[in-house]
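Asker: This is the structure I have questions about; it appears just below.
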Amino acid sequence: MEDQAEKLREIMRQKKNVPGDAPGDAESDVSGDAGSDTSGADISGEKPIRARNGGSKARIITVTSGKGGVGKTNLSVNMALAFARLGKKVVVMDADLGLANVNVMLNMIPKYNLYHVIKKQKTIKEILVETEYGISIVAGASGFSQIANMGEEERQDFINELDTLSNVDIIIIDTSAGVSSNVLDFIAAADDAVIITTPEPTAITDAYGIIKIIATEYDTLDMSLKLVVNRAKSAADAKNVADRMINIAGQFLNLKVDYLGFIYDDPAVPQAVLRQKPFMVVDPRCKASISVQHIVERMDRTRPRESRGFGAMLRKFFGRGEGA
Ligand SMILES: Nc1ncnc2c1ncn2[C@@H]1O[C@H](COP(=O)(O)OP(=O)(O)OP(=O)(O)O)[C@@H](O)[C@H]1O
Ligand SMILES: [Mg+2]
């Protein structure tokens, strides 16, 4: 780990003047074990603010990763807090199929979760739980995959239910890691898809894997993919990882990925996790908190191309949308 950044810089120096890398080779070099030409990358991540259509529709942000345990839930929850501090009404939805991540991180045991909504025992508003931190959460359900088995009418009812969340400004969806069709559909239908990785080669390779699948499976023209590098030792370390990923995605997938920013590797994060409180609350001045604040400020300055709203997202989710 210690000299990884230097090793990568060395590889880049060596590669810099080599024209026309063999595609297969360069693509498989995404993890940094070999290397690729990253010169001239534009990783500013800045986009002009675009006017939103209705103005009242929620901006939907998914947070996902290739590899598990790279920081999705921490980013989702703390990003929500940072948005809330900017005056936004934010909901974090736990769409992880496995453990109920978000409520564990917030030390909450909601009585009801998405399962009860799918089963029509509760409305989405009834299961929405306010936290003491100024954000609301929708707890996850381990039976979330049941959505796939719903009938036509049930689906429509569920869409209508979820659409009632549209009166919030931002919905952050913490997805499970890796490639399940639910996760992919969430990503494809969101306004912003945040892909998070750490500088570890395995995490980078898996992140590239999910980006590749998104690019192959969907028309990504109206989707904004944003990369966050978590647990970085330095800005340069993170930038190297992002440069490489963005260049290779551009070169081999013809996909534009924006570098949204990085989060420092910070002992305050596991400490906060142990206390079951967001690190933004435990230590708002720690390096990780400042990093997330920067990420959110950057996101807030950019707008999705068009706000499609939760209903549109869900219609797309169920494969019934226009041109999904
Ligand atoms: N910036 C950071 N600095 C230090 N440690 C971190 C950082 N981000 C995450 N971690 C560590 O990684 C652990 C996993 O983070 P988190 O639960 O957010 O990942 P995840 O991607 O949601 O995992 P899963 O795939 O299991 O849902 C944290 O409990 C913490 O110990
Ligand atoms: Mg998680």
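Read-outs: derived from the displayed coordinates by stated rules, not from any lab. Everything numeric here is computed off the predicted structure, so don't read it as measured data. Counting neighbours? That spans all protein chains shown, and the Cβs are built from the backbone with ideal geometry, glycine included.
Asker: With label points built 7 Å along Cα→Cβ from the Cα atoms of GLU126 and GLU297, find their separation and express it in nm.
Answerer: Output for this residue pair reads 4.3 nm.
Asker: Let me ask something additional. With each label point set 7 Å from Cα along the Cα-Cβ vector, what nm distance links THR164 and LYS119?
Answerer: For THR164 paired with LYS119, the spin-label model returns 1.8 nm.
Asker: Take the cross-link list LYS67/LYS122; LYS88/LYS111; LYS88/LYS119; LYS67/LYS239; LYS89/LYS256 and give me the ones stretching past 21 Å between alpha-carbons.
Answerer: Distance filter (> 21 Å) returns LYS67/LYS122; LYS88/LYS111; LYS88/LYS119; LYS89/LYS256.
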